[in-house]
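> Once you've had a glance at the structure underneath, I'll fire off some questions.
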Amino acid sequence: MQFQQLRYFVAVAESRHFTRAAEELHVAQPSLSQQIRALERELGADLFTRARGNIALTDAGEALLPLARRILADTDTARHEVQELAQLRRGRVRLGATPSLCTGLLPEVLRTFHDAHPGIHLLIEESGSHDLVRELARGALDLALVVLPLPTPSPALTTVELLHEDLVVVSSPAARAPRHPVRVTDLRDTPMVMFRHGYDLRELTVAACRNEGFEPTFTVEGGEMDAVLGFVRAGLGVAVVPRMVAERTGTGLRVTPLARPGLRRTIALAHRSDVAPPRAARELQRVLVEAHA
């Protein structure tokens with residue numbers, strides 16, 4: 001089994017078309033088909049069903065696809081690890097983070113890291129913790145900032161807690177001022193602006209309301225962080241956001257703390273347990289940990 005064969009297999013699996021896959025890889029289509037056939041002979045199973053105009057994965061192909069992606073990703077990581085030995089003068093870090101952390105936590109940390117290592121290329125993947133865990137597991141990310149507990153515990157990941165962060169209520173200054181501080185029960189029948197499904201803040205807020213025996217009332221839902229803050233400024237409702245984000249939004253929002261015990265979330269840095277992060281990623285990990293020690 002050759003890496004080139006796995007690369008050809010993944011390209012066909014993703015495009016569902018031999019000719020398009022060959023064009024994307026800049027190889028001749030007959031050569032690509034021959035390599036796929038050789039891989040199938042090596043494995044002793046067909047990887048695709050080939051009906052006219054319809055290419056589909058067999059059960060064997062479905063089983064191989066995530067493994068092939070991981071092997072290729074690990075090979076790519078190994079290549080970059082060797083390249084980065086030149087005293088961190090070049091390389092890359094693939095970092096995942098939830099949208100609120102991209103807004104509140106990362107800018108200053110990334111500036112510090114970039115000032116020290118300007119040759120390191122930073123690739124940021126912005127998504128919810130569930131998606132980030134999946135991307136880590138398949139080798140598409142080196143590190144990820146996630147919210148604990150993880151939506152699906154994974155023994156294949158190592159997590160290091162960075163900080164605990166309070167959540168606050170933000171509202172429009174033009175709206176009726178909420179009591180100070182706000183209890184979760186005060187949010188009953190209060191119009192709320194809610195994040196899209198998959199947002200850690202959505203799950204945390206909804207769970208807190210249900211623990212108090214009520215369902216929150218949404219006036220608008222489905223937004224990302226910037227959109228939610230904009231809807232709150234427009235007076236469409238209140239929202240529960242991290243204090244770090246609220247303090248960085250500038251004017252146009254009233255920030256009210258939650259009454260004790262309040263709502264808190266735990267931010268952690270995660271990476272795969274079976275593969276050591278590349279050198280540049282380990283350096284970024286050190287900067288993140290020291291920034292919140």
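Just so it is clear, none of the values below were taken in a lab; they were calculated from the coordinates. It should be emphasised that the depicted structure is a prediction, and the values quoted were computed from it without experimental measurement. Quick reminder, even Gly has a Cβ in these numbers, built from the backbone with ideal geometry, and neighbours come from all protein chains shown.
> Using square roots of five times the C-alpha gyration tensor eigenvalues, list the equivalent-ellipsoid semi-axes of segment 1-128 in whole Å, biggest first.
Value: 37, 18, 13 Å, ordered largest first.
> Sticking to Cα atoms, compute the Rg of segment 204-293 to one decimal and its Dmax as the biggest Cα-Cα distance, whole number, in Å.
17.6, 48
> Right, something else. For Arg286 and Ala63, compute 0.36 nm times the residue count separating them, minus their Cα-Cα distance, and round to one decimal in nm.
Computed gain between Arg286 and Ala63 is 76.7 nm.
> So, one more: Just subtract the alpha-carbon distance of Arg52 and Thr152 from 0.36 nm times their residue separation and send over the number in nm, one decimal.
32.0 nm
> Could you work out the Kirkwood radius for the chain, taking every pair of different alpha carbons, averaging 1/r and inverting it, reported in Å?
Here the Kirkwood hydrodynamic radius works out to 21.8 Å.
> About the Cα centre of segment 154-248, how large is the charge dipole given +1 on each Lys and Arg Cβ and -1 on each Asp and Glu Cβ? Please answer in debye to the nearest 20.
Around 320 debye, computed over segment 154-248.
> Have a look at Leu163, Val133, Thr112 and report the one farthest towards the positive end of the charge dipole of the chain, computed about the Cα centre with Cβ charges (Lys/Arg +1, Asp/Glu -1).
Selected residue: Thr112.
> Tell me the trypsin sites (Lys or Arg not before Pro) within segment 25-72 that lie in a loop according to DSSP and have at most 12 other beta-carbon atoms within 10 Å.
Sparse-neighbourhood loop trypsin sites (Lys or Arg not before Pro): Arg52.
> When Rg is the radius of gyration of the Cα atoms in segment 63-216 and Rh is its Kirkwood radius, what does Rg/Rh come to?
Looking at segment 63-216, the ratio lands at 1.07.
> Same structure again: Once R0 is set to 51 Å, what does the formula 1/(1 + (r/R0)^6) return for the Cβ-Cβ distance between Glu224 and Phe3, expressed as a FRET efficiency to the nearest 0.05?
FRET efficiency, Glu224 to Phe3: 0.85.
> Averaging over every viewing direction, what projected area does the convex hull of the Cα atoms of segment 135-224 cover, in nm²?
Mean projected area for segment 135-224: 7.8 nm², to one decimal.
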